[in-house]
Amino acid sequence: MQLLTELARVVGADHVITSDFAAYANDWRKKYFGKPLAVVKPATCEEVAAIVRLCAANGATIVPQGGNTGLVGGGVPDGSGTQVIINVSRMNRVLEVDTVNNTMTVEAGCILQVLQESAAEHGRLFPLSLAAEGSCEIGGNIATNAGGVQVLRYGNTRELVMGLEVVLPSGDIWSGLKGLRKDNTGYDLKQLFIGAEGTLGIITKAVLKLYPAPAATQTAFIALQSPRQALALLTHMKGALGERITAFELLSDFALSIVERFSASLKSPFATRHPWYVLTDIADSRNAQALAYDVEAALGSAMEAELVSDAALAKNESEARRLWELRETLPEAQSIDGRNIKHDVSLPISKIADFIDAADAALEAAYPGVRPVNFGHLGDGNLHYNITRPLQGYTEGDWMAHESEAVNRIVHDCVHRFNGSISAEHGLGQLKREEIKRYKSATELNLMRAIKAALDPRGIMNPGKVI
């Protein structure tokens, strides 16, 4: 095929893959299975632009892709055998770390963990942190506006991006690689591409915001009685410790029990069971002893106020790591425990307890014995509200095949009732493209379509995703 020959001229034949697509055409959750025409792996922005122009000239649509760790099918092609995946993994250089401006300039294929380590080597912190950080790539993080565990203090990916370089659907290159904190010269164009899931262009480089590395971090695993107590504890801890709280994770005892069944080495630090738990990190520029004193005082007063049933403080980095494994192992443990209907939702923080109560009750009424698996980033309102089938009445296959739509409707309607979002950090992709039409207004949808039509009038960039 002539297009394949021309693509090989741009990137070299070794970087045009025309078979063995499994690593590129299937999603992480094994929900979507595509069939591309080819996977092309450019090494430069100019090669990306040339590939886009060739695809446009030959009528081929494009699927931008990074580490392919997404959970909504956003980086997976359809089954037509006509789409070209542009995988940016070869574009993986850290181009500059500016310790005075507190920025780093990187290519889109850089693995997130590599960026964290590169920042640390310069005495800086790049705070984006999520479970897939050992394999996800920063271009995909930006394209999905990834969240993670430190949004409470540092914000979503959107707040960490200061500039972008993007290849547009026309093949033109927009270079906005400015490390500026103030630039009041019209539309902030980079914001169009952050969270757009590759539907408006392909991100090739980024300028990212860095922070001074904290001198000390204190990790605590806290037992309490309810999500309402967790919210009250969050307010209390913010009052006592201010902006030093970097993570504040909620998980139910049922969620913790799944982790404990999954791994004999992972156990609750408490001798007795408690209905709910909070895992929190508090970081400071002061020494560890001073920070520990403040955290212990804050938790002591929380216990006096009967907000906390028990608390375990990590004595060292190894203990902190073990406590975090209880939270970070949960998605993998849950997948082995049994297939479940997943939800990535966000609520106003003040409404999370009300949502949990309402959603639990609605699901129990519809499916007696249903088992919600609640965990997530309480500090920024992002809840992973996953639903495991009742032990009686449903096989795993029937639960997933026949009840997913009804369960999603119950959960998402409840999210909407409390002014939440049905996608907090994973995006829409293919998974929620149609579902979002129920919850966005016609005006919102029309604005999104108008932006898409203006930047990608031929519809070649990641069609079938988002809108």
Criterion violated by residue 253 - all others in (1) touching a residue at least 60 places away in the same chain (Cβ under 8 Å); (2) within 19 Å of residue 385 (Cα to Cα) satisfied: (1)
Does residue 389 satisfy the criteria of being surrounded by fewer than 21 Cβ atoms within 10 Å (Cβ to Cβ) and either touching a residue at least 40 places away in the same chain (Cβ under 8 Å) or closer than 17 Å to residue 234 by Cβ (or both)? no
If you go through the range 162-182, how many residues are without any contact (Cβ under 8 Å) to a residue 24 or more places away in the chain, under 16 Å from residue 208 (Cβ atoms) and part of a loop (DSSP other than H, G, I, E, B)? 2
So which of 265, 318, 301 is among the hydroxyl-bearing types (Ser, Thr, Tyr) and modelled with pLDDT under 95? 265
Among what's in the range 419-467 and is polar (S, T, N, Q) and farther than 20 Å from residue 157 by Cβ, pick the residue that is surrounded by the most Cβ atoms within 10 Å (Cβ to Cβ). 430
Do you know which of the residues in the range 118-155 that are more than 14 Å from the chain's Cα centre (by Cα) and assigned to a loop (DSSP other than H, G, I, E, B) is surrounded by the most Cβ atoms within 10 Å (Cβ to Cβ)? 126
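Results for (1) crowded, with 21+ Cβ neighbours inside 10 Å; (2) out of contact with any strand residue (DSSP E or B) (no Cβ under 9 Å at 6 or more places or on another chain); (3) in a strand (DSSP E or B); (4) not assigned by TED's automatic domain parsing to the domain that holds residue 129, shown as yes or no for each residue.
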position	(1), (2), (3), (4)
187	no, yes, no, no
197	yes, no, no, no
206	yes, no, yes, no
220	yes, no, yes, yes
233	yes, no, no, yes
249	yes, no, yes, yes
261	no, yes, no, yes
265	no, yes, no, yes
270	no, no, no, yes
Would you say residue 288 is within 23 Å of residue 237 (Cβ to Cβ), small (Gly, Ala, Ser), crowded, with 20+ Cβ neighbours inside 10 Å and in contact (Cβ under 8 Å) with a residue 60 or more places away in the chain? no
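The values are calculated or read from the model by the stated rules, or taken from the named source; none is laboratory data. Bear in mind the structure is a predicted one, so any value in this text is a computation, not a measurement. Ideal geometry is used to build each Cβ from the backbone, glycine not excepted, and the neighbour counts take in all protein chains shown.
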